[in-house]
Amino acid sequence: MKLQLRHNRWFFKHLFSYILLLVVPLIIINGFFGKRINETYQQTVVSRLESDILTLRNTLDNEIELLFSTVNQIQLLRTVNLYDFEDNPLQANAIKTLLRTFTVTNRLIEDIVYFPYDQNYVFTSSTTSKVDFFVQEVYVSTLLEADAFLHELYTVKYPKAYPVKLYNKEEGLVLAFPLLTDYATSDGVCLFYVSNSILDAMIKAQLVQYNASLEIKGKDGTLLFATNRGKDNSKENSLSFTISSNIISWDFAVQVPREQSLLQDLNRLSQMQQTSNMIVIVAVLILIFFLMLINYTPIKRLQKQAIGLFEGANKKQMGELEDIARSLEFLKNQNSNLAEKWEKSRESEQNIALQRLLSGYYKTIEQFHAQVLELSICLMHPFYLVSCIHIQEINLEVDQLALLMRKSLPESLNCYYIFTPIPDRIYFINSESEEGLKNLPEIYETMRKTIESKTGLSITIGLGSAYSESSAIPQSFLEARTALDYRFLKGKNTTIVFGEVSKSMSYSVTYPHALLDKLHISLNAYDNQAIEEHAESLIQFLLQENIPLFLAKSISLDMMTLFFDHLPSTLQTQEESQRDFFLLSDIDTIQEVVEVVQSVKKRLGNMEKPKHSEATKSLLLDITAYIKDHCFECNFSMLQVADHFSMQLPTLSVMFKEFTQVNLLDYVTVLRMDFAKRLLEETELPLKDISLQIGYYNLSSFIRRFKQLNGITPGDYRKLHHSIYT
């Protein structure tokens, strides 16, 4: 009986605690629910409104950027500069037509005005008028007197906006852009008229759901435009914030009422919820009483499972809830450890992916992005280049230093750092727009000086060239390493750009494009004998006495890339390929370069050609024989081959590429260029005759294609080989 009573005391004690756990939080939640709804909703409104205003600002900024482009085009055309209205009034029609044409390119602009300082006339897209009449009757400033407005137009130094009335009727904004001469002086101004109705429609489309008002103000506080004029949105009853334009000197000031209609509906729902909660509480209290009687058994089972997580002395029971809490704490610690390991693993995966990109593992940027989709890595710009950073006598952890460098670079710079086995090196892969490439050396030099001042380290940076193909990132890396090696000539503690260094490089040998093409074809054809021959020819090319180390590394990189493409895709081969690539970038002699290439080639082994049906092999042999017989005809085409074998051209191209691993057009081009080389070496035929004999009607097309594949023109190729034979 005592045991039963004790059990009942425990039961009612926990029953009371559960009731408190249920009732007290609900009372607190209901007490603050209305306030939290109000605050959360206001935050949501402001956040969404701010996002919409940013979208609106970006839209207007984009349109204004088009105006900069229009001004530049007007400056480039300079048609109006050579024209004097008083000498030839009729020619003003041509200027009006020109300005009217530009209005079509921007949806905001209703009128464009060209105002040359050296004439007493202004030209709009619809008419021509004298300057005084223009500022008094056509574009009438709502803030300035006519003379003051005219003085502003004569002295404007940067793009600026003025509120005006067009013909004293329609209100709008005039955007004034100075027309600068080659001597950085203004010889006129270009005005763009935007009506308030267009701005109002654009802005209300974004703000109508918030019942908000917006004002556009100049940097000096001048009101340029406002929606909902006359509406009383006092600061006490509204929320306000300001966003600045990135292009022109004006700000967007926004006010949104605190009381939104949806908020009132939410308050009513909150009251209904409180009433419902009270009813539910009573029902739940009754239900808890009966369920406690039923559910105590699972608690005991849970306690048993919780004790099972521990070993030895830790298995001692401390009470049901205490044991469960102890097991949850144990699981929490385990989860924290796993989360920490996962974060380290994620950083490691990021570094591995970037190392693979640096070594040429990914052939396209799309393939790279598909692999790193969950790693928060994205190279968003069309140009890619690598920067190599050398730190002398490093006294910090490499990851801390790399993070400090990244923070010292602009946040807008799209770049990622890579850790390497070399302790004094950090590499950055950069993605940048064509316009942003111009400032990159200055950005890195600024970062270098900042880090040196903070840490006292000696830092030298090498920048490779920028490429539009992600597959060229390894080449940019080699160039960055080469630029870094020039620190022994140019001095340390500086930023060295490969483009500047390469100007001092002179090669007496030409890049062996033809040999690399032949190696590519033999690899795709699984012709082991040809692979050996072409690889050996390239190695002998590398062993020439006068070949520069950088050129040897570039050629070796192309060879290794071809070999990597035909190695089995396993984790071991991927790691070996990356190791060989970084080894190639770090060696200092031609002999070591050759050893790395030979090591990669050795792993390739004897390649087994894929097995195909005899009928397919026979058809492929017939196709290649037909191409060899007819590809030197000037009227030869791929469609001719497809028609001859009664095939669709896409089917023929896919089949040829599938079985030979060579593009059909590339195959024909290689045949033609090989024949051209023999004719250049063995005959004295004029280039035009050689062009016709290999299938090119147009001599310039032949010369351009030959230079693309071989690096030199046919004439230079003939001179080079004739001098060798001589």
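The values are calculated or read from the model by the stated rules, or taken from the named source; none is laboratory data. Remember, predicted model here, so these are calculated numbers, not experimental data. With ideal geometry, Cβ positions are generated from the backbone for all residues, glycine too; neighbour counts draw on all protein chains shown.
The table below gives the values:
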| item | result |
| --- | --- |
| Index of the failed condition, Tyr162 passing every other in (1) in contact (Cβ under 8 Å) with a residue 40 or more places away in the chain; (2) within 19 Å of Ile74 (Cα to Cα); (3) part of a strand (DSSP E or B) | (2) |
| Elements of type strands (runs of 3 or more DSSP E) contained in the range 87-149, each with 2 or more residues being β-branched (Val, Ile, Thr) | 111-116, 121-124 |
| Candidates Ile394, Ile389, Ile459 - the one that is touching a residue at least 40 places away in the same chain (Cβ under 8 Å), over 24 Å from Val501 (Cα atoms) and surrounded by 14 or more Cβ atoms within 10 Å (Cβ to Cβ) | Ile394 |
| Odd one out for Ser691, checked against (1) surrounded by 14 or more Cβ atoms within 10 Å (Cβ to Cβ); (2) within 18 Å of Asp517 (Cα to Cα) | (2) |
| Matching residues in the range 130-166 - criterion: being of a type in the set (Ser, Thr, Tyr) and out of contact with any helix residue (DSSP H, G or I) (no Cβ under 6 Å at 6 or more places or on another chain) | Tyr139, Thr142, Tyr154, Thr155, Tyr158, Tyr162 |
| Check on Leu551, of a type in the set (A, V, I, L, M, F, W, C), farther than 30 Å from Glu658 by Cβ and modelled with pLDDT under 80 | yes |
| Failed item in (1) in contact with a helix residue (DSSP H, G or I) (Cβ under 6 Å, 6 or more places away or on another chain); (2) at pLDDT below 75; (3) closer than 17 Å to Ala176 by Cβ, with Gln75 passing the rest | (1) |
| Failed criterion for Ser197 (all others in (1) surrounded by fewer than 19 Cβ atoms within 10 Å (Cβ to Cβ); (2) within 16 Å of Thr222 (Cβ to Cβ) hold) | (2) |
| Lone qualifier among Phe702, Phe706, Phe632, Phe659 - being touching a His at 6+ places or on another chain (Cβ under 7 Å) and buried (at least 17 other Cβ atoms within 10 Å of the Cβ) | Phe659 |
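Results for (1) of a type in the set (Val, Ile, Thr); (2) assigned by TED's automatic domain parsing to the domain that holds Gly456; (3) part of a loop (DSSP other than H, G, I, E, B), shown as yes or no for each residue.
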site: Glu347; (1), (2), (3): no, no, no
site: Arg356; (1), (2), (3): no, no, no
site: Gln367; (1), (2), (3): no, no, no
site: Leu373; (1), (2), (3): no, no, yes
site: Ser387; (1), (2), (3): no, yes, no
site: His390; (1), (2), (3): no, yes, no
site: Asp399; (1), (2), (3): no, yes, no
site: Leu403; (1), (2), (3): no, yes, no
site: Arg406; (1), (2), (3): no, yes, no
